[in-house]
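The numbers here are math on the coordinates, done by the rules we state, and not lab data. Just so you know, these numbers come straight off a predicted model, no measurement behind them. Because the Cβ atoms are built from the backbone with ideal geometry, glycine has one as well, and the counts that use them run over all protein chains shown.
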Amino acid sequence: MTDYRVAPGEAQEDQVTAAIEQVTSKIPSSAYFGMAVASMAVSVGFKAAGKSDNALFIGQWAAPFLILGVYNKMVKQHGSDAATSRASAL
């Protein structure tokens, strides 16, 4: 059976990804959580005001904010190219 997994250091991120991560890593992870909670609160407000379409649209932002927060936290802890960065530093 063929093994299709990528080995550590086998693939690298491009410079665009590195630049994006350089900027977004400065944002605290709690900011993403705050944006998720805020989108849920605004959604509840729209729902209470009888604007169900707007409530659904804004309420769906919570999950992407939380996913971005997890990604941001992982990049801060491990780096996107942690294995290749360690190998090139040696």
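Dipole check for the chain: with +1 at the C-beta of Lys and Arg, -1 at the C-beta of Asp and Glu, and the Cα centre as origin, the magnitude is about 440 Debye. With R₀ set to 35 Å, the beta-carbon distance separating Tyr4 from Ala38 gives a calculated FRET efficiency near 0.30. In the chain, helices alone account for a calculated mean residue ellipticity at 222 nm of -22000 deg cm²/dmol, with every DSSP H run of four or more residues adding -39,500 (n - 2.57). Working note: Cα gyration tensor of the range 28-78, eigenvalues times five, square-rooted, sorted largest first, giving semi-axes of 27, 9, 4 Å. The label-point distance for Ala48 and Leu66, in a model that sets each label 7 Å from Cα toward Cβ, rounds to 2.2 nm. The order of Phe65, Phe57, going from fewest to most other C-beta atoms within 10 Å of their C-beta, is Phe57, Phe65.
Stretching Asp14 away from Ser29 to a fully extended chain increases their span by 3.1 nm, per 0.36 nm per residue minus the current alpha-carbon distance. Extension gain, Lys76 to Leu56, is 4.0 nm, computed as 0.36 nm per intervening residue step minus the present C-alpha separation. Taking the chain on its own, what percent of its Cα-Cα pair distances exceed 19 Å? Above the 19 Å cut-off, the chain has 57 percent of its Cα pairs.
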